[in-house]
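What follows is one structure encoded as structure tokens, with my remarks underneath.
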Amino acid sequence: MKILHVITSLYTGGAEKLMVNLLPRLKERGDDVDLLLFDGAKTPFRQQVEAAGIRVFDLGKGGSVYSPLKLLKLIPFLRKYDVVHTHNTAPQLFAAIGNLFGRAKLCTTEHSTSNRRRRWRWFAVIDRWMYNRYRRVVCVSPKTENNLREFIRKSRAEILTINNGVDVAQFAGAQQSPLLEEIAPGSRKIIMVAGFRWEKDQDTLIRAMRVLPHNFHLFLVGDGSRRPELEQIAKAEVPGRVHFLGLRTDVPQLLKAADFVVMSSHFEGLSLSSVEGMSVGRPFLASDVDGLREVVRGAGILFPHADHAAFASAIQKLANDKAYYEKIAADCGKRARQFDISIMADKYSQLYKTL
């Protein structure tokens, strides 16, 4: 059985990180799996996938992922593979259209509890048609599945949940990076790893720095369209205390070097960065929103959505109470082990056998 995963790119993000984590483990289990990119730019994630022995194809570099040329180039791949598994909107839609001329069994993964398309009434008919072209729709959390079922209403596809997973041992056993201490010696270090996209909420963390003492510094790992805007806000409001580290390949080491790990977001599917953050033996804090509360509640700390004062208060409580700090860190580690990558890979491999 030949399996092809299709995604827009391998820049940064949860779906992209899933490719890095999942595909080598499917290969280890004997699955014949390749990867196709709509945008084939050379990125650290692409290099990691290729280094693991996964064949990576692309439909070109740069340009719009919604170009009709992408659809024409995709169709031959739909004829070569038994199972085609898509991620992100453009591959989901174009595979549904292109497979009218193909023979592949289509799967897709829904990575978020919501998306902007669901706000556009005119797109709802197309969206529901698209999902119904798939044999299986995998959701990364129960909340994601519930919201998708509500949106689709009636579905010919089988919808199921497979929780995202990470290599917990890799993060738990990482060595501390010296970089954060070199940038801000002697500081209390807060870190968030996420793309600078509209669904993320780095803004709240930057505002919180105005409330926290001056020895607290914020480190933001990632890149994206909102980065220049957030850099300007940080420079104007808390100069010298917010550090933008860009795309990194040493995320486990950076997380291990921080005192507090955070995911501030407007909504999530099941955040891989959150599970990674809970794996490193540090307290994990997250916005109390869909896709985060299901993972964090009862282990880490949830703060009200977009409430910078509440976040700052939670950080200070951890900083001032060593026993409380250590309890939250230990609870986070236990929760992370429930989302180990091996569990997820077994379920995906079994899914393909059912097809």
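Read-outs: derived from the displayed coordinates by stated rules, not from any lab. Please read all numbers here as calculations on a predicted model, not as lab measurements. Glycine gets a Cβ as well: all are built from the backbone with ideal geometry, and neighbour counts include every protein chain shown.
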Longest the chain segment clear of chymotrypsin sites (Phe, Trp or Tyr not before Pro) sitting in DSSP loops (not H, G, I, E or B) with at most 11 other Cβ atoms within 10 Å runs 199-355
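How long are the three semi-axes of the equivalent ellipsoid for the stretch 273-350, computed from the Cα gyration tensor as the root of 5 times each eigenvalue, in whole Å, largest first? Numbers along the way, then the final one.
Values: eigenvalues 131, 47, 11 Å².
Each semi-axis is √(5λ); the values are 26, 15, 7 Å.
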With Cα coordinates, the longest principal axis of the chain makes an angle with the long axis of helix 227-237, in degrees rounded to 10, of 10 degrees
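Among rounded, prolate and oblate, which fits the stretch 57-112 when a ≥ b ≥ c are the square roots of the eigenvalues of its C-alpha gyration tensor, a/c under 1.5 means rounded, and a/b larger than b/c means prolate? Numbers along the way, then the final one.
Working: a/c = 1.76, a/b = 1.13, b/c = 1.55.
It comes out oblate by the Cα gyration axes.
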Any lysines whose Cα falls less than 25 Å from that of Lys317, other than same-chain ones fewer than 8 residues away, would be Lys189, Lys200, Lys256, Lys327, Lys334
Hull volume per residue for the stretch 168-339, using the convex hull of the C-alpha atoms, in Å³ is 99 Å³
So for the stretch 170-237, using the alpha carbon gyration tensor with a ≥ b ≥ c as root eigenvalues (a/c under 1.5 gives rounded; past that, a/b versus b/c decides prolate or oblate), I'd call it oblate
In whole Å, largest first, the alpha carbons of the stretch 238-320 cover along the principal axes 27, 27, 23
Quick calc: nm separation of the 7 Å Cα→Cβ label points for Leu100 and Lys322 -> 6.8 nm
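Once you have the alpha carbon radius of gyration of the chain, what is it after dividing by 2.2 N^0.38 Å, with N set to its residue count? Show your work: numbers first, answer last.
Details: Rg = 20.4 Å, N = 355, 2.2 N^0.38 = 20.5 Å.
Scaled against compact globular proteins, the figure is 0.99.
P(r) tail for the stretch 12-91, what percent of Cα pairs lie past 15 Å?
Details: 1830 of 3160 pairs.
Summing the P(r) tail past 15 Å for the stretch 12-91 gives 58 percent.
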The alpha-carbon center of the stretch 209-245 and that of the stretch 44-83 are separated, in whole Å, by 35 Å
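Exposure proxy check: His308, His5, His243, His217 ranked by fewest other beta carbons within 10 Å?
Values: His308 21, His5 28, His243 17, His217 24.
Going from sparsest to densest Cβ surroundings: His243, His308, His217, His5.
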